[in-house]
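The values are calculated or read from the model by the stated rules, or taken from the named source; none is laboratory data. Everything numeric here is computed off the predicted structure, so don't read it as measured data. Cβ sites come from the backbone with ideal geometry, for glycine too, and all protein chains shown count toward neighbours. Surface accessibility is based on the protein's heavy atoms, side chains included, excluding ligands, DNA and RNA. Shrake-Rupley method; radii C 1.70, N 1.55, O 1.52, S 1.80 Å.
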Amino acid sequence: MDKLKIHHTASAAYYDIAFFIKNYLNSSTVIICIGTDKCIGDCLGPLVGTMLAEKHLPLPVYGTIASPIHALNLEKKLSEIKTNHPNCNILGIDACLGEENSIGEIHCRDYSIHPGKGVGKTLPDVGEFSIIGIVDSCDSTEIFTSRTIRLSLVMDMAKVIVDGIIYSFYLNHQYS
């Protein structure tokens with residue numbers, strides 16, 4: 001298993017993300033952004049999805065602020081996506097809990113996301129490769145509803161992830 005860990009404030013963090021995912025991102029990639037805008041700690045995925053859609057990335061993007069994919073509709077949406085894109089290569093994106101000193105890190109991995117794991121839910125795995133953003137500590141007693149999670153942190157992380165995905169897409173397609 002291959003993994004990249006980078007803090008969202010690192011210089012050219014988007015560049016490192018782009019080069020990590022460029023070997024996995026291709027024209028059959030579908031991006032699934034998990035989370036809800038009803039909770040700041042869980043809105044990373046829908047923010048990324050919305051920003052990618054606004055930038056007109058020429059890949060299918062599911063999970064936006066207007067149409068989120070979350071615990072209550074994940075199985076149904078995954079089934080619909082796999083029916084509409086039978087041979088797709090899925091990039092899963094989600095917020096995550098981690099160690100206190102990892103808050104603000106973005107992890108790119110060559111394996112799927114296990115949504116709901118941090119809050120004790122059993123949901124289907126998402127993606128052949130994934131990007132997670134650590135938005136809070138798993139030590140928090142108010143998982144994902146902590147009033148200490150700043151929207152500015154989640155927004156800044158989302159912007160870096162979006163820039164990395166877009167740059168990676170164009171790295172792969174510059175000579176096509």
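Laid out as a table, the results:
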| quantity | calculated |
| --- | --- |
| Candidates Leu59, Leu91 - the one that is closer than 21 Å to Ile165 by Cα, surrounded by fewer than 23 Cβ atoms within 10 Å (Cβ to Cβ) and touching a residue at least 12 places away in the same chain (Cβ under 8 Å) | Leu59 |
| Hits in segment 1-36 - residues which are under 20 Å from Ile90 (Cα atoms), without any contact (Cβ under 8 Å) to a residue 60 or more places away in the chain and not polar (S, T, N, Q) | none |
| Gly116 being under 19 Å from Asp136 (Cβ atoms), open to solvent by less than 50 Å² (accessible area, probe 1.4 Å) and in contact with a Gly (Cβ under 8 Å, 6 or more places away or on another chain) | no |
| Checklist (1) closer than 22 Å to Ser152 by Cα; (2) part of a loop (DSSP other than H, G, I, E, B) applied to Gly41, failing item | (2) |
| Matching option when the condition is modelled with pLDDT of 95 or more, open to solvent by 60 Å² or more (accessible area, probe 1.4 Å) and hydroxyl-bearing (Ser, Thr, Tyr), among Thr50, Thr83, Thr64 | Thr83 |
| Filter pass, Ser79 being within 20 Å of Ile161 (Cβ to Cβ) and without any contact (Cβ under 8 Å) to a residue 24 or more places away in the chain | no |
